[in-house]
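Peer 1: Structure provided below as structure tokens; questions to follow.
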Amino acid sequence: MNNIIHLFHSKSKFLKITSLVDSVKITDIVPNRGKCKVGGILDQGKVKINKILKYGQVWDYIPITGCGKLLEVQVKTDKGEWNFKF
């Protein structure tokens, strides 16, 4: 099965997502099975995600907070759910 998106993870706990299809709507990002939060310190984990990416578009600088080590990320989209392990 082909991936809908490409996920990049760096040690600084930021994600970068690249669309590999004509259009994909990202509805949720779940880091470490919900034990970490998406968003910066000021967001307090209350980030609502509704991001549409077209082919080749990149959504970067997605901060992850509240965890020591990022082990896995689940990305929920209108095309299904995708799991990435690091």
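Read the figures in this text as sums done on the coordinates, not as results from a lab. This structure is a prediction, so every number in the text was calculated from the model and none was measured. Note that we place each Cβ from the backbone using ideal geometry, even for glycine, and neighbour counts take in every protein chain shown.
Peer 1: How much net charge surrounds residue 52 when only the other residues with a Cβ under 15 Å from the Cβ of residue 52 are counted, with Lys and Arg +1 and Asp and Glu -1? Before the final figure, lay out each step's value.
Peer 2: Working: positive: 25, 48, 51, 54, 76, 79; negative: 22, 28, 78.
Taking every other residue near residue 52 into account, the sum is +3.
Peer 1: Further, regarding this structure: So, counting K/R as plus one and D/E as minus one, what does the shell of residues with Cβ under 9 Å around residue 72 add up to?
Peer 2: Around residue 72, the surrounding residues sum to +2.
Peer 1: Per-residue counts of other Cβ atoms within 10 Å, averaged by peptide: what ranking do you get for 72-79, 61-68, 24-31, highest first? Each step should come with its number before you reach the end.
Peer 2: Details: 72-79: 16.9, 61-68: 14.9, 24-31: 18.9.
With the highest mean Cβ count within 10 Å placed first, the list reads 24-31, 72-79, 61-68.
Peer 1: Whose amide H sits under 5 Å from the amide H of residue 52, counting only residues 5 or more places off or on another chain, with H placed in the peptide plane?
Peer 2: Excluding prolines and chain starts, which carry no amide H, the hits are 26.
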